[in-house]
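Student: Have a look at this one before I ask anything.
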Amino acid sequence: MPEQYIASDKNTGLEVAVTGTFPPHPDDRVRIARTCTLFTRLMSTILSTENDSDRRERFMAIETQLEMADALIREDMEEVQRLMQRVMERMGISKEQLDELARRLIDELGGDGGQDESPPNLPPPIN
């Protein structure tokens, strides 16, 4: 039998329900509740935006962030890179500008990308 968690926003009355088979661990259930509540609050905030173009821009922003979170969780770095590039392009930063920034960072951090050089001084690993 599926379980259900319902989150509602008291300011707008928006309700979001998540239905499924939930893990039994209490911490997982807390995470489900918090994530559902946060999503509900985000949706409520966006829906209460009066300006149509601002509202659509906010929807696109949260969609991209959720897609990126999904790709990170799946450890799909190619998709993360694609999404990051799309975000940067929306901000007016071209792929060429990103490539130039990467080249500058490589130059500043080690010339040839760190090949045949000792790594920078880093704190020892925590065991």
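Student: State all residues of segment 69-111 that are among the acidic types (Asp, Glu) and either assigned to a helix (DSSP H, G or I) or open to solvent by less than 70 Å² (accessible area, probe 1.4 Å) (or both); if no residue qualifies, say none.
Tutor: Asp70, Asp76, Glu78, Glu79, Glu89, Glu96, Asp99, Glu100, Asp107, Glu108
Student: Within the set of pairs 6+ apart or on separate chains, which have a first residue in segment 22-34 that is part of a helix (DSSP H, G or I), a second that is of a type in the set (Val, Ile, Thr) and surrounded by 11 or more Cβ atoms within 10 Å (Cβ to Cβ), and C-beta atoms under 8 Å apart?
Tutor: Ile32/Val18
Student: A further question on this structure: Got a number for residues in segment 47-64 being in contact (Cβ under 8 Å) with a residue 12 or more places away in the chain and farther than 22 Å from Met84 by Cα?
Tutor: 2
Student: Could you please give the count of residues in segment 45-72 that are among the small types (Gly, Ala, Ser) and within 12 Å of the chain's Cα centre (by Cα)? Lay out the reasoning, then the answer.
Tutor: Residues of segment 45-72 that are among the small types (Gly, Ala, Ser), as a first pass: 48, 53, 61, 69, 71.
Among the residues that remain, those that are also within 12 Å of the chain's Cα centre (by Cα) are: 61, 69, 71.
Here the count works out to 3.
The values are calculated or read from the model by the stated rules, or taken from the named source; none is laboratory data. Note that the coordinates shown come from a computational prediction; the quantities given were computed from them, not determined experimentally. Glycine gets a Cβ as well: all are built from the backbone with ideal geometry, and neighbour counts include every protein chain shown. Each accessible area value is taken on the protein alone, full model and side chains, heavy atoms only, with ligands, DNA and RNA left out. Shrake-Rupley method; radii C 1.70, N 1.55, O 1.52, S 1.80 Å.
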